[in-house]
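Peer 1: There's a structure below that I have some questions on.
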Amino acid sequence: MTDDTFYGSDYGALKAFDPDIAGVLVSELERIRSGLQLIASENLSSPEVLTALGSTLSNKYAEGYPGRRYYGGCAEVDKAENIAIERCKALFDADHANVQAHSGASANQAVYGAFMKPGETILAMSLPHGGHLTHGTKMSFSGKWFNAVHYGVNQETEDIDYDQVEQLAREHRPKVICAGGSAIPRLIDFERFRAIADEVGAIFWVDAAHFIGLVAGKAIPSPVPYADVVTFTTHKVLRGPRSGALVCTEEHAKALDRAIFPMMQGGPQMHTIAAKAVNFLECATPQYQEYTRAVIENSQALAAALAERGIRPTTGGTDTHLSLLDLQGVEVTGADAEARADAAGIVLNKNAIPFDPQSPNIASGVRVGTPCVTTQGMGVAQMEIIAELIHTAVTKGDADPDHEVSRAVRAQVSELVTEFPAYPR
Ligand SMILES: *Cc1c(COP(=O)(O)O)cnc(C)c1O
């Protein structure tokens, strides 16, 4: 046995000891490889990131921050966290970074913890118009413990209604104003948000979970110069481990650090922090910048090709890695579209569109994103093919995988992913 056996990727030993879970690892990889992954919030992180994730750093208790831990033996993990912090600050040109959040939702909790007392007001985008659960919905801590006021999109443009943001801010004087969400295809006017926050004396928080990777790759403008705090996930376009992080101005560094630990979290996941460091290094390369530009180019090509086929992207298109598609023109519900695409080997998700007449469980739209297929090396020519396959599966297909359309589309998907494999052998 060599030391690499203990770095976390000894599949042979796992298979011998626990064939059940080893089997899941294999079949999940098979699932990823055999279909088209168009979930806008997913990506395929590198073997280097996965190696750091599956390492003995997972064992270490390191409550506190580098140099100020509540446990002994932290010298090595301190190195990993310091490297992650420095890389994160450099990548986003930020005063301060905290890389301990376990997830996007955890990073968001820290914003509430740092700036708000129960009952105080937050102004954020409404979930049905593209926001997020943690932005004050009733099912979430954020809506149970805080007074959430929501803005939406303009019915005509389907883009953020900035006049409404301004009017609600003046009326409710929120403690925090949040920009960002999980189904916003367009660039956000951070300067306008900053001006509104300044006028009413609010903290300006950007939840960049979805698009931070595009910022890291310098493919779209950064919120960092405008926001007091920017929270994000590290596993979406960014392509790192499943986790979260935040960057902020020096002024708010202490409050946010304390809100992450000890207010919201216990021991940090040092293996994940090491994997975040690896990912930040990847993001600083010209190849990653090229990747993020290709993600957007593909996303725009896919949206345009679907629009030609009667599947309308809301707002008329996209500036980012995702589009929100209105299926009312082809008279299919989001739920049916998701099931039909799935049966044909195309993984996407149903999504409410702004002013959706359907309930959220049915929905009139689907959300598609290009992070995964772009990681696999696909380009604009493949987006044309994918648009045709989506259109066929959604309008002529069936939720039954044995239906002839499901089979026919799956065969074409198979050709595509054979030419552009995920995790090539
Ligand atoms: C994905 C997402 C989150 C939550 O991230 P998790 O890691 O799933 O907790 C938060 N905010 C927005 C806008 C997101 O898109």
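Peer 1: Could you say whether any residue in the stretch 172-188 is open to solvent by 20 Å² or more (accessible area, probe 1.4 Å), touching a Leu at 6+ places or on another chain (Cβ under 8 Å) and more than 10 Å from the ligand (Cβ to nearest atom)?
Peer 2: The answer is yes; a qualifying residue exists.
Peer 1: Here are some conditions: (1) open to solvent by 10 Å² or more (accessible area, probe 1.4 Å); (2) within 20 Å of the chain's Cα centre (by Cα). Val366 meets all but one. Which one does it not meet?
Peer 2: (1)
Peer 1: Next up: Scanning the stretch 349-363 for residues that are out of contact with any Asp or Glu (no Cβ under 9 Å at 6 or more places or on another chain) and small (Gly, Ala, Ser), which turns out most open to solvent (accessible area, probe 1.4 Å)?
Peer 2: Ser359
Peer 1: Taking only pairs six or more apart or across chains, which ones have beta-carbon atoms under 9 Å, a first residue in the stretch 401-415 that is outside any helix (DSSP H, G or I), and a second residue that is modelled with pLDDT of 95 or more and open to solvent by 90 Å² or more (accessible area, probe 1.4 Å)?
Peer 2: Pro401/Asp342; Pro401/Arg407
Peer 1: So which of Ala94, Ala105 ends up being outside any strand (DSSP E or B), at negative phi and more than 16 Å from the ligand (Cβ to nearest atom)?
Peer 2: Testing whether each residue is outside any strand (DSSP E or B), at negative phi and more than 16 Å from the ligand (Cβ to nearest atom) leaves just Ala94.
Peer 1: Need the failing condition index for Tyr112 against (1) assigned by TED's automatic domain parsing to the domain that holds Ala197; (2) open to solvent by 50 Å² or more (accessible area, probe 1.4 Å); (3) within 16 Å of the ligand (Cβ to nearest atom), just the number.
Peer 2: Checking Tyr112 against (1) assigned by TED's automatic domain parsing to the domain that holds Ala197; (2) open to solvent by 50 Å² or more (accessible area, probe 1.4 Å); (3) within 16 Å of the ligand (Cβ to nearest atom), the one that fails is (2).
Peer 1: Return a yes/no flag: does the stretch 257-277 have any residue that is surrounded by fewer than 24 Cβ atoms within 10 Å (Cβ to Cβ) and free of Cβ contacts under 8 Å to residues at least 12 places away in the same chain.
Peer 2: There is no residue in the stretch 257-277 that is surrounded by fewer than 24 Cβ atoms within 10 Å (Cβ to Cβ) and free of Cβ contacts under 8 Å to residues at least 12 places away in the same chain.
Peer 1: Give just the number: which of (1) at pLDDT 95 or above; (2) more than 29 Å from Gln376 (Cα to Cα) does Ala16 not satisfy?
Peer 2: (1)
Peer 1: Six or more apart or on different chains, Cβ atoms under 7 Å: show the pairs whose first residue is in the stretch 170-187 and in contact (Cβ under 8 Å) with a residue 60 or more places away in the chain and whose second is aromatic (Phe, Trp, Tyr) and more than 15 Å from the ligand (Cβ to nearest atom).
Peer 2: From residues that are in contact (Cβ under 8 Å) with a residue 60 or more places away in the chain, the pairs are Lys175/Phe115; Val176/Phe115.
The values are calculated or read from the model by the stated rules, or taken from the named source; none is laboratory data. Bear in mind the structure is a predicted one, so any value in this text is a computation, not a measurement. Note that each Cβ is placed from the backbone with ideal geometry, even for glycine, and that neighbours are counted across all protein chains shown. To get the accessible areas, we keep the full protein, side chains included, count just its heavy atoms, and leave off ligands, DNA and RNA. Shrake-Rupley method; radii C 1.70, N 1.55, O 1.52, S 1.80 Å.
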